[in-house]
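Working notes, structure below.
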């Protein structure tokens, strides 16, 4: 029985030749994969969206500002990527909060927070990198001065900073060294670092290096003097910060207190403040209060901020 079935199969099913088998695999190669097609389509959509965002940002003059802020924050993002992600975050948070709360006012507040919180995060990142750079700067200048006294050249000394120091100093000096190797003068590359990190102290060091390259002099001694001056200024800044800590804490309490009271009343008795949000007079009072609060915040900041 088995032999009969096998014979019938061999009679009606002709074995494929080598050419047929190769043609089958060639068809598989030419048939587009669904995942590949979907990936290509999504890539085109993403590219179109990024192009539109970049066009609008360029027209509004936002691209250069966002690029500079991302550079200072040390984030390897393009301006179009950041702006697109920020817009998507704002739309998503506004839609979700409005749908969950069924309140247009709460949705608008969520959108405002979604707009400003990422900007505050970027600003906080920038300030943290600037503080870290300023704290490392005296050691950097002493390291360069020591290398110069040991007979190293300026380029070798800057390479030593890249190898020995931690970020953000190492990353900034590595970028400056790359610019120098591409033909940019050393003093200009270092001045760019000072501008990017908003460091007046390092700008002095860059000026000293430029003067030494033009007229000569003992650069190691000058850098040691600048490092000692920076340390003295840092000690004075910390002393002033300790003396003004109470005033800064009072300022934060006064700024947060109105919002905390509104949140408390909304939880305890939601109808207590309803007139402020439903009447023209109430909305006018809220707007006036916000303006006065902003003026008070700026005034308190000027009082507790002391330049050294």
**Q.** Cβ-Cβ FRET estimate between residue 261 and residue 241, R0 fixed at 22 Å, reported to 0.05
**A.** 0.15
**Q.** Three-way shape call for segment 128-182 based on the alpha-carbon gyration tensor, with the a/c threshold at 1.5
**A.** oblate
Q: Provide, as a two-decimal number, the C-alpha radius of gyration of segment 130-231 over 2.2 N^0.38 Å, N being how many residues it has.
A: 0.95
(Q) Can you sort 82, 272, 67 from fewest to most other Cβ atoms within 10 Å of each residue's own Cβ? (A) 272, 67, 82
Q.
I'd like the FRET efficiency for residue 232 and residue 155, computed as 1/(1 + (r/R0)^6) with the beta carbon distance as r and R0 of 22 Å, rounded to 0.05.
A. 0.15
Q | Peptides 297-306, 131-140 ordered by average Cβ neighbours within 10 Å, highest first | A | 131-140, 297-306
Q: Starting from the Cα gyration tensor of segment 234-304, take the square roots of the eigenvalues, sort them a ≥ b ≥ c, and report rounded, prolate or oblate (rounded when a/c is under 1.5, otherwise prolate if a/b is larger than b/c, else oblate).
A: oblate
**Q.** Nitroxide proxy distance, nm - points 7 Å out along Cα→Cβ at residue 272 and residue 293
**A.** 1.6 nm
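FYI, it's all coordinate maths here, none of it is from the lab. Just so it is clear, the structure is predicted and the values come from calculations on it, not from any experiment. Cβ sites come from the backbone with ideal geometry, for glycine too, and all protein chains shown count toward neighbours.
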